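Notes to accompany the following structure.
Nothing in this text is a laboratory measurement; each read-out follows from the coordinates by a stated rule. Nothing here was measured: the structure is a model prediction, and the numbers come from that model. Quick reminder, even Gly has a Cβ in these numbers, built from the backbone with ideal geometry, and neighbours come from all protein chains shown.
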Amino acid sequence: MSERWTLLIHGGAGSMRRGVFPAAEDIHCRTGLRRALDAGAAILAEGGDALDAVEAAVRVLEDDPGFNAGRGSVFTHEGVNELDAAVMRGSDRAAGAVTGVTRTRNPVSLARAVMERSPHVLLGGGGADRFSSEAGLEQVDPVWFRTEERWRQLEELKARGDKAFDVDMKYGTVGAVAVDRRGHVAAATSTGGLTAKRWGRIGDSPLIGAGTYADDRAAAVSATGAGEYFIRVGAAHEICARVRLTGEALQSASDAVTAEIAELGGKGGVIAVAPDGSAAWSFTTAGMFRGRISAGEDPVVAIYGDE
Ligand code: ASP
């Protein structure tokens with residue numbers, strides 16, 4: 001087993017700018033990111049699995065009301081929280097995902113249960129909620145997910161009219177990617193989606209290949225941003241395919257795919273890590289909540305584009 005491991009996390013891409021983004025939120029988010037890095041790093045440093053590490057990191061961010069995943073998720077148009085999550089393991093490309101779940105405290109762990117304890121990859125809505133309670137995952141009253149700030153954002157968006165779309169994704173989705181000491185990669189993503197989403201809208205986060213992908217032959221990727229565009233580009237798989245088929249460097253592949261999405265009109269970002277330990281983040285928004293930690297290196301936590 002090698003001594004090397006790396007974990008990257010994100011807490012959403014958006015319009016955060018230095019000096020404009022509120023100082024209290026800046027501090028809160030950095031603290032949350034650091035706690036998530038610590039949770040994943042503790043597992044990787046002991047020789048644990050990349051999948052365990054990304055799940056642990058994402059669970060911390062799901063429980064943190066400052067991020068749009070688990071507690072603190074945005075509301076649908078009807079005023080409920082419908083949560084999406086996915087996990088993928090690079091060694092055998094096993095994957096699990098859920099969409100529109102309403103009662104599971106940590107949707108990332110439900111996605112993992114779908115992968116490990118069902119014959120399926122993606123479960124949705126009431127069926128996913130039933131699978132969750134049958135599988136014994138922690139169930140919560142939906143009020144657990146509610147924060148007053150998210151409710152205010154829903155009312156503000158609805159007041160702006162029916163065509164309003166949540167383009168300010170500053171409290172986005174969360175995700176993690178890791179390579180463990182055996183050289184295996186894994187990815188996880190979790191989100192409440194977009195404020196005022198309706199008609200059962202599903203974003204890229206729980207779609208394997210769009211917002212989440214992991215393949216030991218290439219990399220592990222987790223995305224955040226305007227999900228519709230990430231779906232159309234097959235973003236996470238596209239980055240892995242470029243690396244695997246052309247030998248392109250991970251940073252270059254990540255930059256190319258986020259640029260391609262921007263050309264189509266969508267903004268956002270990705271985090272990525274490869275079995276050889278190379279790592280990348282790339283975003284076309286002003287900022288992205290993000291963090292990185294590797295064996296023997298100081299952790300890095302950043303928000304704005306200039307850091
Ligand atoms: N990608 C997420 C979605 O479309 C949102 C985000 O990353 O902020 O649901």
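Report whether or not GLY175 is farther than 24 Å from SER73 by Cα, more than 8 Å from the ligand (Cβ to nearest atom) and not hydrophobic (A, V, I, L, M, F, W, C). If you could, list the steps in order and put the result at the bottom.
On the way: farther than 24 Å from SER73 by Cα: no; more than 8 Å from the ligand (Cβ to nearest atom): yes; not hydrophobic (A, V, I, L, M, F, W, C): yes.
Against the criterion (farther than 24 Å from SER73 by Cα, more than 8 Å from the ligand (Cβ to nearest atom) and not hydrophobic (A, V, I, L, M, F, W, C)), GLY175 does not qualify.
Test ASP64 against the criterion of being within 16 Å of the ligand (Cβ to nearest atom), closer than 26 Å to SER282 by Cβ and not aliphatic (A, V, I, L, M), and give yes or no.
Details: within 16 Å of the ligand (Cβ to nearest atom): yes; closer than 26 Å to SER282 by Cβ: yes; not aliphatic (A, V, I, L, M): yes.
When the stated conditions are applied, ASP64 passes them.
If we scan the stretch 240-251, do we find a residue that is surrounded by 24 or more Cβ atoms within 10 Å (Cβ to Cβ), of a type in the set (S, T, N, Q) and either within 10 Å of the ligand (Cβ to nearest atom) or under 19 Å from the mean Cα position of the chain (by Cα) (or both)?
no
Answer yes or no as to whether ALA262 is among the aliphatic types (A, V, I, L, M), on the phi < 0 side of the Ramachandran plot and within 15 Å of the ligand (Cβ to nearest atom).
On the way: among the aliphatic types (A, V, I, L, M): yes; on the phi < 0 side of the Ramachandran plot: yes; within 15 Å of the ligand (Cβ to nearest atom): yes.
Yes: the conditions hold for ALA262.
In the stretch 286-299, which residues are over 16 Å from the mean Cα position of the chain (by Cα) and surrounded by 16 or more Cβ atoms within 10 Å (Cβ to Cβ)?
Within the stretch 286-299, the subset over 16 Å from the mean Cα position of the chain (by Cα) is 286, 293-299.
Selection gives ALA286, ILE293, SER294.
Which condition does GLY127 not pass, out of (1) within 21 Å of the chain's Cα centre (by Cα); (2) free of Cβ contacts under 8 Å to residues at least 24 places away in the same chain, if it passes all the others?
If we test GLY127 against (1) within 21 Å of the chain's Cα centre (by Cα); (2) free of Cβ contacts under 8 Å to residues at least 24 places away in the same chain, just (1) comes out false.
Scan the stretch 231-243 for residues that are part of a loop (DSSP other than H, G, I, E, B) and either in contact (Cβ under 8 Å) with a residue 40 or more places away in the chain or among the hydroxyl-bearing types (Ser, Thr, Tyr) (or both) and report the count.
Result for the stretch 231-243: 0.
Test ASP129 against the criterion of being under 20 Å from GLY269 (Cβ atoms) and of a type in the set (D, E, K, R), and give yes or no. Give the steps one after another, and end with the answer.
Numbers: under 20 Å from GLY269 (Cβ atoms): no; of a type in the set (D, E, K, R): yes.
Criteria not met by ASP129.
Suppose we keep only residues that are charged (D, E, K, R) and assigned to a loop (DSSP other than H, G, I, E, B) within the stretch 195-230. Which one would you say is nearest to the ligand (Cβ to nearest atom)? Walk me through how you get there before you give the answer.
As a first pass, look at the stretch 195-230 and keep what is charged (D, E, K, R): 197-198, 201, 204, 215-217, 228.
Still in the running and assigned to a loop (DSSP other than H, G, I, E, B): 197-198, 201, 204, 215-217.
Working: LYS197: 8, ARG198: 13, ARG201: 8, ASP204: 5, ASP215: 20, ASP216: 25, ARG217: 25 Å.
Top of the filtered list is ASP204.
Do we find a residue being surrounded by fewer than 20 Cβ atoms within 10 Å (Cβ to Cβ) and closer than 21 Å to LEU83 by Cβ anywhere in the stretch 175-198?
yes
Take ALA235 and decide whether it is crowded, with 18+ Cβ neighbours inside 10 Å, touching a strand residue (DSSP E or B) at 6+ places or on another chain (Cβ under 9 Å) and more than 16 Å from LEU8 (Cα to Cα).
On the way: crowded, with 18+ Cβ neighbours inside 10 Å: yes; touching a strand residue (DSSP E or B) at 6+ places or on another chain (Cβ under 9 Å): yes; more than 16 Å from LEU8 (Cα to Cα): yes.
Here the answer is yes, as ALA235 does meet what is asked.
Among the candidates GLY172, GLY161, which residue alone is part of a loop (DSSP other than H, G, I, E, B) and surrounded by fewer than 24 Cβ atoms within 10 Å (Cβ to Cβ)? Before the answer, list the steps.
Values: GLY172 fails: surrounded by fewer than 24 Cβ atoms within 10 Å (Cβ to Cβ).
Only one candidate passes the filter, namely GLY161.
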